[in-house]
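Here the structure is laid out as structure tokens; the discussion comes afterwards.
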Amino acid sequence: MENKQRGKAVSKYIRISSTKVRRVLDQIRGRSYLEALMLLQFMPYRACGPIWQVLNSAAANAENNNGLNKEDLFVKIVFADQGPVLRRFRPRAQGRGYQIRKPTCHITIILEPAI
């Protein structure tokens, strides 16, 4: 098995639902680094901000740790795993309490140079 040069970045405990993050990740999967940055800049979703940061971090890791050029990188693997769920209770009528779920997620992006 060959040792491929790649840039990887992980951001954990992001306070957005993983399904909402996956909606954006599906759009940038397989695209070039610069094209993915442009897409994230103009998409109207709140999840674009944290994804943009992780993408920049992965590109910086590839450039500084492996000596790769940012313009040659492609988004190889992206996924969002479910993190712990913060549970809060909302007071309701007659002494009841309804649960509010505040989900978190972990975003992972792996960049590789074009072959």
**Asked** In this structure, is residue 43 hydrophobic (A, V, I, L, M, F, W, C) and open to solvent by 80 Å² or more (accessible area, probe 1.4 Å)?
**Response** no
**Request:** Please enumerate the residues belonging to the stretch 73-93 that are more than 20 Å from the chain's Cα centre (by Cα) and open to solvent by 80 Å² or more (accessible area, probe 1.4 Å).
**Result:** 87, 88, 89, 90, 91, 92
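One line per residue, one yes/no per condition, for (1) touching a Leu at 6+ places or on another chain (Cβ under 6 Å); (2) under 20 Å from residue 23 (Cβ atoms):
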position: 67; (1), (2): no, no
position: 74; (1), (2): no, no
position: 90; (1), (2): no, no
position: 94; (1), (2): no, no
position: 97; (1), (2): no, no
position: 101; (1), (2): no, yes
position: 106; (1), (2): no, yes
position: 109; (1), (2): yes, yes
**Complete:** Here the qualifying pairs (Cβ atoms under 9 Å; residues six or more apart or on different chains; first in the stretch 41-70 and within 22 Å of residue 115 (Cβ to Cβ) and of a type in the set (D, E, K, R); second open to solvent by 70 Å² or more (accessible area, probe 1.4 Å) and not in a helix (DSSP H, G or I)) come out as 63/69
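The values are calculated or read from the model by the stated rules, or taken from the named source; none is laboratory data. Nothing here was measured: the structure is a model prediction, and the numbers come from that model. All Cβ positions, even for glycine, are placed from backbone atoms using ideal geometry, and neighbour counts span all protein chains on display. Note: accessible area is taken over every heavy atom of the protein model, side chains too, but ligands, DNA and RNA are not part of it. Shrake-Rupley method; radii C 1.70, N 1.55, O 1.52, S 1.80 Å.
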